[in-house]
Amino acid sequence: MSKLLWLIDDALPFPDFLIEEMERNNGWKIEVRYWENKPDSFIDYDRIFILGNSLSFPQERLSLLSWEWGVNPSRIQVFPGEEVRIIFPESFLSILEKFIVRSLSQPLFPLEARMVIPENRVLVLPQASPALEKSLKERGIDTIIPPPSFSLRREGVNFYLSPSGESVGAVIVLPSEEKKPPVSFSSQIQDTRRLVNLEFMKKQVEENRFTGETIIFILPKKGVSEEEWSQVFHLSWLLAQRDRAEVFILVEEVLVAGEGLEKEYRIARSSGVIFEKADFSNLLAQPTLDMRGIEVEFTTERDKMRQRITANWLVFLPERNILPFDLAPFFRGDKIEGEILPLENPNISPFSSGIEGIFISLPGEEEKFSQVVEQYLRKGMVREIGRIEVDEEKCVLCLTCLRTCPWGAIEIEEQKKKTRINWELCHLCGLCTSFCPAHAIEAKGLSLEDWISVISLGGKR
């Protein structure tokens with residue numbers, strides 16, 4: 001008799017009638033628990049079925065649960081109960097029964113979920129800045145000084161330095177940046193000495209008063225850090241509140257998403273600071289006739305009106321463009337190569353390079369960056385051993401999987417001239433199994449064909 005555990009999402013209304021009949025018909029012993037009332041031990045159950053929203057239980061979360069519960073990952077399966085209840089409300093239990101029958105007909109594979117934790121030290125390329133090194137050290141993260149000549153290769157989740165033999169848990173890249181004004185300023189404007197940067201203006205505000213004067217801040221869309229936004233909000237508030245100056249902040253986008261920034265933004269606005277979104281491509285600036293000020297002309301995004309303001313001071317923050325960093329010289333003989341840039345994608349972790357364990361640090365954000373690296377190094381990750389395997393007899397070494405894997409989990413065994421899966425890097429996304437033209441890669445227990453056919457027919461098979 002198979003002993004089954006049904007773990008039900010608390011938000012899923014579950015029809016618990018006919019369970020006894022289902023047990024008699026199939027020789028099962030079913031224990032139904034809601035998620036908030038999980039059992040203390042899971043080792044006595046033959047299979048564990050999670051009934052809920054399938055999107056809430058990606059494979060990586062299931063791997064983590066199998067590690068926490070101490071069970072073989074192939075014993076845990078998710079039934080998309082929420083979706084099935086909506087599409088086939090009257091056939092819910094019938095579909096669930098068919099799903100379980102199909103699942104129990106599949107063998108249990110000898111899989112193991114294991115926690116892997118990277119080394120608590122990092123390598124910074126080309127070299128660490130004092131601010132970054134200090135921030136990392138405060139979090140107990142050691143920084144390796146790059147030797148004059150070395151190469152890197154993957155060793156599981158870590159990186160191995162040759163010839164020194166040291167290993168690090170992460171590689172941090174400090175790319176070069178290109179700074180330029182947000183708009184083109186003529187030499188005549190620069191001759192007025194009223195075009196200044198933020199640091200100069202901060203010092204002037206500390207030492208002088210600007211009563212009755214007009215100050216314009218120009219902030220580009222790219223390259224302005226949260227700290228710089230905070231400084232602009234505070235400085236503009238101080239000028240408006242203390243000196244009764246007329247303050248304008250011209251932006252392409254206003255950043256208020258950072259910690260405390262929205263409050264500072266509102267304080268600045270309430271003090272009389274005027275924010276205007278404008279298209280910098282048609283912003284014009286020219287000196288006044290007496291060379292004591294700068295006339296700025298722009299079109300407001302809000303009402304498309306052309307405005308002209310005569311400023312006593314024009315404060316600009318430079319646009320910073322991060323230059324690509326070439327990893328190829330450091331990964332000789334490794335598949336990690338090419339140029340990397342920060343990924344502007346809200347769905348991935350900040351400072352990500354797109355390669356696991358390699359981060360891109362940006363100037364002025366050392367504290368926030370160090371938090372991300374610390375979390376990666378300390379939290380660790382759960383990986384499954386034996387889930388994805390390569391059939392050496394079928395593998396023709398076409399390297400399709402090597403080019404397809406987004407995590408760099410495919411490696412080449414030099415002696416056998418065959419591919420293998422680095423289980424510490426594999427995220428179980430299944431792309432290698434889908435793209436392998438020789439069908440040489442198997443994802444054990446992750447085949448969807450059987451239960452998709454059951455659900456698509458409303459449990460009538």
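The values are calculated or read from the model by the stated rules, or taken from the named source; none is laboratory data. Remember, predicted model here, so these are calculated numbers, not experimental data. Cβ: placed from backbone, ideal geometry, glycine included. Neighbour counts: every protein chain shown.
Among the residues of the stretch 114-143, those identified as assigned to a helix (DSSP H, G or I) and under 21 Å from the mean Cα position of the chain (by Cα) are Leu132, Ser135, Leu136.
Here's the yes/no breakdown for (1) at pLDDT 85 or above; (2) assigned to a strand (DSSP E or B):
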{"position": "Glu384", "(1), (2)": "yes, yes"}
{"position": "Glu393", "(1), (2)": "yes, no"}
{"position": "Cys398", "(1), (2)": "yes, no"}
{"position": "Cys401", "(1), (2)": "yes, no"}
{"position": "Gln415", "(1), (2)": "no, no"}
{"position": "Cys426", "(1), (2)": "yes, no"}
{"position": "Glu442", "(1), (2)": "yes, yes"}
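Do we find a residue being under 22 Å from Val382 (Cβ atoms) and either in contact with a helix residue (DSSP H, G or I) (Cβ under 8 Å, 6 or more places away or on another chain) or not aliphatic (A, V, I, L, M) (or both) anywhere in the stretch 17-31?
The initial filter retains those residues of the stretch 17-31 that are under 22 Å from Val382 (Cβ atoms), namely none.
Scanning the stretch 17-31 turns up no residue that is under 22 Å from Val382 (Cβ atoms) and either in contact with a helix residue (DSSP H, G or I) (Cβ under 8 Å, 6 or more places away or on another chain) or not aliphatic (A, V, I, L, M) (or both).
From Pro146, Pro175, which residue is free of Cβ contacts under 8 Å to residues at least 24 places away in the same chain, surrounded by 15 or more Cβ atoms within 10 Å (Cβ to Cβ) and in a loop (DSSP other than H, G, I, E, B)? Full working, then the answer.
Details: Pro175 fails: free of Cβ contacts under 8 Å to residues at least 24 places away in the same chain.
None of the others qualify; the one that does is Pro146.
Name the one entry in Phe369, Phe359 that is assigned by TED's automatic domain parsing to the domain that holds Ile141, in a strand (DSSP E or B), closer than 30 Å to Cys426 by Cβ and of a type outside the set (A, V, I, L, M). Can you show your working first?
On the way: Phe369 fails: in a strand (DSSP E or B).
The match here is Phe359.
Among the residues of the stretch 296-327, those identified as surrounded by 14 or more Cβ atoms within 10 Å (Cβ to Cβ) and either without any contact (Cβ under 8 Å) to a residue 12 or more places away in the chain or assigned to a loop (DSSP other than H, G, I, E, B) (or both) are Asn312, Leu317, Pro318, Leu327.
Among the conditions (1) crowded, with 17+ Cβ neighbours inside 10 Å; (2) among the small types (Gly, Ala, Ser); (3) farther than 25 Å from Thr192 by Cβ, Gly260 misses just one, which is (1). Cβ separations smaller than 9 Å between residues 6+ apart or across chains give the following pairs from the stretch 280-295 residues that are among the aromatic types (Phe, Trp, Tyr) to residues that are not in a strand (DSSP E or B): Phe280/Pro182; Phe280/Val183; Phe280/Pro220; Phe280/Lys221; Phe280/Glu252.
Listed by position, the helices (runs of 4 or more DSSP H) contained in the stretch 1-113 that have at least 2 residues being aromatic (Phe, Trp, Tyr) are 59-69, 92-105.
One residue alone among Ser91, Ser103, Ser63 is under 28 Å from the mean Cα position of the chain (by Cα) and either more than 25 Å from His427 (Cα to Cα) or touching a residue at least 24 places away in the same chain (Cβ under 8 Å) (or both), and that residue is Ser63. Ala128 meets the conditions (1) surrounded by 21 or more Cβ atoms within 10 Å (Cβ to Cβ); (2) under 30 Å from Ile412 (Cβ atoms) in every case but one. The failed one is (2).
In the stretch 188-245, what residues are in a loop (DSSP other than H, G, I, E, B), in contact with an Asp or Glu (Cβ under 6 Å, 6 or more places away or on another chain) and closer than 17 Å to Leu317 by Cβ? Within the stretch 188-245, Pro220, Lys221, Lys222, Gly223, Ser225 qualify.
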